[in-house]
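Take a look at the structure below.
Please treat every number below as a calculation from the coordinates, not as lab data. Quick caveat, the model's predicted, so the values are computed rather than measured. Neighbour counts are summed over all protein chains in view; Cβ atoms, including those assigned to glycine, are modelled from backbone coordinates with ideal geometry.
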């Protein structure tokens, strides 16, 4: 076998292995949960919180913000670096170490070859509150990010609950239109027999057949909407569309007597959006302190140890310790502008805090009003169902007795179906209104009811 051919085989095998590795990595990164189970609304929320990307994104943001606290704290502690310099030239000079290393080493090199091993230590003695302000600011940003994560969880929980209830609503619609279809099929059967016996005219038969076709079309559309609602639920939970799930809960009426004033007070204490803006306000206050620290001296303790070998002088070593203090005198207005910017950002956050408080109060009042209306609508819709069912029963009896027309029967059937779907819609809106009120208040119980 030639060397060229052998190299070709090795290269081909390498490409295959790289492809398999990349494919496995892609599968691992894009692995999506596949379910096959019966779910309660609590299960749906729990799965959504664990799998919805929105929660993962905000959680990662909070973790990153927490890491920045450690970064800020590290600047308040002793720092030590080592740098190796190897130089040669025709004149002496000052050579700095890489800027990315802190503290940055620096040496004076002679006009000949030299190797210098440098150790440099620094410790902040006084920074005018700059470093402590940066730590406070980082803490505030972390607290805000953590509250944002809680906000995302509340939003995802509400999304999952709403999607779950929409599947239930779609199922109720399917049941109503199936009931209408079955009833229409029975009426067509009876009409066909009556037409054959000559007891009704053909237009009555055709009217029943038309009613059946319309009912079947509505049933098909209702089933389509149910399928789409299930797709939306799977998406909200962050699971694969190939998942096979059934729902165990039902739409139900749960009356609640809640005082609006109590809800507003609780919401200002519980809403993560309020906590987030307050944390950002603290960070902005710390930012003003950091900006003002530039008017104060920056004092650091420093220490250096060098081990040097150079051509002609052999080996030497020595150390330097001291204090470095620095204060800008003329900066062209940079410090003043920095302070003014920090103060403006503080005023902005104060305005945002007021805006969030007003938003939360509006959210609670709106959700409360929606729940009150939805509760009343459930009772009205239930009464309409009872009336429609009774009307249909009476009209059928009158038709069988020859005292009502076929059109009246079909209209009563359509009215009964409409009343049933309106009742299901009212239950759905009542349940969703309860969920939205919980979200508006910022309840920490993220599960369903």
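Answer rounded, prolate or oblate for the chain, using the Cα gyration tensor with square roots of eigenvalues a ≥ b ≥ c: rounded when a/c is under 1.5, else prolate when a/b is larger than b/c, else oblate.
On the way: a/c = 5.15, a/b = 2.20, b/c = 2.34.
Because a/c hits 1.5 or more and a/b fails to exceed b/c, the chain counts as oblate.
If I take the Cα coordinates of region 75-150 and project them onto the principal axes, what are the three extents in Å, biggest first?
Ordered largest first, region 75-150 gives principal extents of 62, 27, 16 Å.
Remind me, relative contact order of the chain in percent, using alpha carbon pairs under 8 angstrom and six or more residues apart?
23 percent
With angles folded into 0 to 90 degrees, how steeply does helix 260-270 sit against the dominant principal axis of the chain? Use alpha carbons for both and round to 10.
On a 0 to 90 degree scale, this one is about 30.
Working only with C-alpha atoms, what are the Rg and Dmax values of region 84-211, expressed in angstrom?
Here Rg and the maximum Cα pair distance are 42.6, 124 Å.
Given the options 406, 313, 51, which has the most mean-square fluctuation in a GNM of the chain, springs set between C-alpha atoms less than 10 angstrom apart?
In the Gaussian network model the winner is 313.
Which ordering of 319, 428 is given by a fewest-first count of other beta-carbon atoms within 10 Å?
319, 428
Given springs between every Cα pair under 10 Å in a Gaussian network model of the chain, which of 378, 409, 55 has the largest fluctuation?
Result for the chain, Cα springs under 10 Å: 409 fluctuates most.
Specify the angular offset, from 0 to 90 degrees and rounded to the nearest 10, of the alpha carbon long axis of helix 53-74 from the longest principal axis of the alpha carbons in the chain.
Compared with the principal axis, the helix lies near 20 degrees.
Please express the shape of region 286-327 as an equivalent ellipsoid: the semi-axes are the square roots of 5 times the eigenvalues of the C-alpha gyration tensor, given largest first in whole angstrom.
39, 9, 8
Do the sum for the chain: with -39,500 (n - 2.57) for every DSSP H run of n ≥ 4, divided by all residues, what is the mean residue ellipticity at 222 nm, to the nearest 500 deg cm²/dmol? All intermediate terms of the calculation are to be shown ahead of the outcome.
Working: 9 runs with 298 residues, N = 449.
Taken over the chain, the calculation gives -24000 deg cm²/dmol.
How large are Rg and Dmax for region 243-364 when calculated on the C-alpha trace, in angstrom?
Cα only, region 243-364: 29.3, 95 Å (Rg, Dmax).
Need one word for region 150-239: rounded, prolate or oblate. Basis is the Cα gyration tensor (sqrt eigenvalues a ≥ b ≥ c); a/c below 1.5 gives rounded, then a/b vs b/c decides.
Taking the square roots of the gyration eigenvalues as a ≥ b ≥ c, region 150-239 is prolate.
What ranking do 345, 91, 71, 237 get, fewest neighbouring Cβ atoms within 10 angstrom at the top?
91, 71, 345, 237
Mind running the shape call on region 179-307? Use the C-alpha gyration tensor, a ≥ b ≥ c as the square roots of the eigenvalues: rounded below 1.5 for a/c, prolate if a/b tops b/c, oblate otherwise. Write out the running numbers ahead of the final one.
Values: a/c = 5.44, a/b = 3.18, b/c = 1.71.
Prolate, since a/c reaches 1.5 and a/b exceeds b/c.
Kindly express, to the nearest 10 degrees and within the range 0 to 90, the angle between helix 3-29's C-alpha long axis and the longest C-alpha principal axis of the chain.
60 degrees
Normalised by the number of residues in region 44-121, what is the relative contact order in percent for Cα pairs under 8 Å and 6+ residues apart?
Computed value for region 44-121: 29 percent relative contact order.
For region 325-427, take every pair of Cα atoms, bin their distances at 10 Å starting from 0, and report each bin as a whole percent.
Once binned at 10 Å, the Cα pair distances of region 325-427 give 13, 19, 14, 11, 10, 9, 8, 7, 5, 3, 1.
Picking from 129, 105, 86, which is most flexible by a Gaussian network model of the chain using Cα springs under 10 Å?
86
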